[in-house]
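Each value in this text was obtained by applying a stated rule to the coordinates, not by laboratory testing. What you are looking at is a predicted structure, and each value in this text was computed from that prediction instead of being measured. Backbone-built Cβ (ideal geometry, glycine too); neighbour counts: all protein chains shown.
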């Protein structure tokens, strides 16, 4: 299948709707952060997605079934594993969270990131 130049998605000019949502109460650890999502692309098989995610300050449990590449555009977050080890992520940091990772995500300062997700079958 050949695609034209019009198939390229530029995040800066994409007219994707913003979805706002709250986390499930059983996931919350601190606060009740409003989160926003602009999913600029979903593959036809729905296993590959990419866009912009934002969150207010708070903390919640995470359990990754997908692989996620993240690039922090704004704010500060701390990700902690189940053993209590943590890493701090700030503007410019790029990282991958592997499928199977469990722990918590805490937004210290309102955060905005680019995400690229692959969900294996």
**Item:** Protection proxy ranking of 49-62, 86-99 - average other beta-carbon atoms within 10 Å, highest first
**Value:** 49-62, 86-99
**Message:** Students often get this wrong, so try it: which of (i) 104; (ii) 120; (iii) 136 is volume of the Cα convex hull per residue in Å³ as calculated from the structure shown?
**Reply:** (ii)
**Request:** Whole Å is fine, so just give me how far the alpha carbon centre of segment 47-121 lies from that of segment 19-37.
**Result:** 14 Å
**Item:** Relative contact order %, segment 28-118, counting alpha carbon pairs below 8 Å whose residues are six or more apart
**Value:** 37 percent
